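Okay, structure first, notes after.
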């Protein structure tokens, strides 16, 4: 049985290809036209070094001067010595252009509907099943959508996991005067075509070996919906998963029932909702997310933290971690501007 492998590069682009049973990873990449830098092909020079972000693999030989014991613990690998045992993803610290692996595809989809899920948020549903191939992406990544009738391009995280039917969702904040917001409010109709390019981004779910702490601000929730859909499909990850979802006002909350339903699909899943500016009738947690992070647990346990939301929220969490002198964690984050911008940074 072949395995599907993703290569993610420093420029945020990702390419997918098939690896045959017991095939050397480098050989599979070259066969697929992905020209990873190489030299000795004997596990000595380190030219084809990368890191396994998820999945199972073995290595035939690694020179101890090329990858240290600590490197191996951190899942560093040499493409010329690696054999995958499952679907997997790998990261390389160089741009995709270095190995002729653009990775992204321009596709056309059909709008199947717009669902307003809060006063300030909508989900855009797109059917991309007419495309010949399944759109592969890593849960948490994003697409660049061209706003119909304009030359404007906007970037949004996928709000679902990849699927054979190519049914896609994007969680979008409705601004008073934004290119995509105006389209969704004024002109969007089922049956319209929409063009997009994907996948992009280095913010995606890695191998889960420690407790997961997910922190979503506003429509940063979208990336986590994709990740949680993936974990729900697996039934869990063998580790506790805790989501903090923060919004400015309660009217911004969306997909709460969907979040609550993950507890039935993901073993060990819990969540907390935090509203910064609550109305008098709000009965839940208030203030900022750092006010509610479990300091004692995070100080005593190694964990992975994923952050996605507005830059002030991301920086507030990073500052809190530093000020609290918490050290044993791995942090992955993505900042985004509002949907008037094409920028997403990881």
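Quick notes on this structure:
- Among the residues of the range 140-162, those that are in contact (Cβ under 8 Å) with a residue 60 or more places away in the chain and buried (at least 18 other Cβ atoms within 10 Å of the Cβ) comprise 140, 141, 142, 144, 154, 155, 156, 157, 158, 159, 160, 161.
- Looking across the range 259-275 at every residue that is part of a helix (DSSP H, G or I) and touching a helix residue (DSSP H, G or I) at 6+ places or on another chain (Cβ under 7 Å), the one that is surrounded by the most Cβ atoms within 10 Å (Cβ to Cβ) is identified as 262.
- Boolean, residue 195 is assigned by TED's automatic domain parsing to the domain that holds residue 139, in a strand (DSSP E or B), touching a residue at least 40 places away in the same chain (Cβ under 8 Å) and surrounded by fewer than 22 Cβ atoms within 10 Å (Cβ to Cβ): yes
- Consider the range 1-16 and keep the residues that are surrounded by fewer than 19 Cβ atoms within 10 Å (Cβ to Cβ) and at pLDDT 95 or above. The one that is nearest to residue 155 (Cα to Cα) is 4.
The values are calculated or read from the model by the stated rules, or taken from the named source; none is laboratory data. In this text, all values refer to a predicted model and were calculated from it rather than measured experimentally. Cβ: placed from backbone, ideal geometry, glycine included. Neighbour counts: every protein chain shown.
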